[in-house]
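The structure under discussion appears below in the form of structure tokens.
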Amino acid sequence: MKYRVITVSLLLITLRPLDLHAADVPQNTSVEAQPLAANVLRLKEALAFLGAPLPTETSQAIDQAAKLRDVKRLQELIDPQVMFLVSLNPEFRVKVARGPA
């Protein structure tokens, strides 16, 4: 499960949402809050460094959710930015679906 969270986090792309058919992002709140919050904050900083920052409201909400270690809220804030959903099964078979972004 850690691989999915890390992979989805790494595949965030800053393109604004396109009008394409997208798969629903699965809700997974069984991850540990501290590592997820740290990764989301790093991702937010990386996007800002690359010149494609998240909207101010989203950025502030991420900071607050990370501070509170609110896994569900962090996922709600990041999900609209996901370009691809990648899943790996135990045999390392990869499935890719379009995300909301």
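The values are calculated or read from the model by the stated rules, or taken from the named source; none is laboratory data. Since this is a predicted model, take the numbers as computed values, not measurements. Cβ placement follows ideal geometry from the backbone for every residue including glycine, while neighbour counts extend to all protein chains displayed. Heads up: the accessible areas ignore ligands, DNA and RNA and are worked out on the full protein's heavy atoms, side chains in. Shrake-Rupley method; radii C 1.70, N 1.55, O 1.52, S 1.80 Å.
Numbers at a glance
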read-out	value
In nm, spacing of pseudo-spin labels at Gln60 and Arg42 (7 Å Cα→C-beta vector)	2.7 nm
Table column - 3J(HN,Hα) (Hz), region 96-101, Karplus curve with 6.51, -1.76, 1.60, x for Gly and Pro	10, 10, 5, x, x, 7
Calculated FRET value between Glu32 and Ser87, using beta carbons and R₀ = 22 Å, to 0.05	0.65
Largest to smallest accessible area among Val94, Val82 [probe 1.4 Å]	Val94, Val82
Highest-first arrangement of 70-77, 32-39, where packing means the average Cβ count within 10 Å	70-77, 32-39
11 Å beta-carbon shell around Ala37, net charge (K/R +1, D/E -1)	+2
